[in-house]
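Input: a single structure, listed below in structure tokens.
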Amino acid sequence: MKIFLKSAFSLLLLSASSICIAEPVGITPDMSSVEVMHNGKPVTIERNQDNDNTIVADYALTSRPCPPFCIKPIKLATGVETIGELEMIDYLVEAGKADTRILVIDSRTPDWVEKGTIPGSVNIPWTLLKEDTSNPITIAEILEKRFGARNEEGLWNFSEAKTLVLFCNGMWCGQSPRNIQTLLKYGYPADRIKWYRGGMQDWEALGLTTVKGVKP
């Protein structure tokens with residue numbers, strides 16, 4: 001009985017010491033979390049507080065075949081800004097405001113979004129903006145109804161168009177880059193397009209909050 005109590009006490013001390021040495025995980029030294037809006041509801045973005053947390057299996061693969069999963073450059077196109085996580089968080093906060101002119105877009109297909117996405121983003125599957133899998137009418141509807149462009153006698157007016165922030169699965173993923181190239185082809189202003197190159201792989205690697213996507 002004494003041996004059992006001693007062992008139990010030792011385990012309790014070990015557990016307590018493990019809890020004591022756990023260090024807080026902030027986003028920056030001055031920011032532990034931030035609130036954004038997702039589907040009309042507030043969501044808190046923070047990093048996983050478990051110091052032993054590891055990346056989920058979906059983003060653990062290092063050697064996807066290239067092509068098509070080739071490493072994308074930092075500079076995708078002239079005038080298009082490549083951003084990191086802190087800039088993405090700023091855009092997510094702004095996107096949740098009532099008078100926002102910012103739209104954060106998860107370019108992935110719904111099956112990926114269902115597994116988890118970045119809070120504050122909306123899903124517009126890359127196939128809907130891809131000319132050989134979509135059609136001019138669908139693309140035009142997205143440009144007008146979602147992005148705020150205007151079609152004036154066959155010419156696109158982007159003077160009131162939103163700033164778009166696009167992402168997909170990571171620096172090897174070609175979905176959001178393909179959509180960005182299509183938008184530029186239509187004349188969308190490059191300075192109103194932002195690209196989160198790290199995508200879900202970097203977001204997950206940093207233990208940042210995700211939310212489950214809604215099934216279509």
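Name the helices (complete DSSP H segments) of the chain with a Cα length along the long axis of 20 Å or more and a Kyte-Doolittle mean of at least 1.0, or state none. Walk me through the intermediate numbers first.
On the way: long enough: 2-21 (28 Å, 1.62).
Qualifying helices, which must be both long enough and hydrophobic enough, are 2-21.
If you take the charge dipole of the chain about its Cα centre, with +1 on Lys and Arg Cβ and -1 on Asp and Glu Cβ, which of 142, 207, 100 is farthest toward its positive end?
Of the candidates, 207 comes out farthest on the positive side.
When the dipole is taken about the Cα centre of the chain, and only Lys, Arg (+1) and Asp, Glu (-1) are charged at their Cβ, what size is it in debye, to the nearest 20?
460
Where nothing but the Cβ of Lys and Arg (+1) and of Asp and Glu (-1) is charged, how large is the charge dipole of segment 96-146 around its Cα centre, in debye to the nearest 20?
For this selection, approximately 200 debye.
As I understand it, the dipole of the chain uses +1 on the Cβ of Lys and Arg and -1 on the Cβ of Asp and Glu, about the Cα centre. Which of 80, 42, 163 lies farthest toward its positive end?
42
State, to one decimal in nm, how far the label point of residue 48 lies from the label point of residue 78, with both points 7 Å from Cα in the Cβ direction.
Using points 7 Å along Cα→Cβ, the separation is 4.3 nm.
For residue 188, which sequence-distant residues (separation of 5 or more, or a different chain) have an amide H within less than 5 Å of its own amide H, given hydrogens modelled in the peptide plane?
none
Give me, ordered by chain and number, the residues 5 or more places off residue 109 or on other chains with an amide H under 5 Å from its own placed amide H.
Amide H to amide H, under 5 Å and 5 or more residues apart or across chains, residue 109 pairs with 126.
Can you tell me which of 198-209, 121-132 comes out highest on packing, and rank the rest after it, using the mean Cβ neighbours within 10 Å?
Peptide ranking by packing, descending: 198-209, 121-132.
How large is ³J(HN,Hα) for each residue in segment 164-174, as worked out from phi by the Karplus curve 6.51 cos²θ - 1.76 cosθ + 1.60 (θ = phi - 60°), to whole Hz, x for Gly and Pro?
Residue by residue, segment 164-174 yields 9, 10, 10, 8, 9, 8, x, 5, 9, 8, x Hz.
Which of 184, 92, 164 moves most in a GNM of the chain, Cα contacts under 10 Å?
184
Every read-out reported here was derived from the displayed coordinates using simple, explicitly stated rules and does not represent laboratory data. This one's a predicted model, so the numbers in the text were calculated from it and none came from an experiment. Virtual Cβ from ideal backbone geometry, glycine too; neighbours counted across all protein chains shown.
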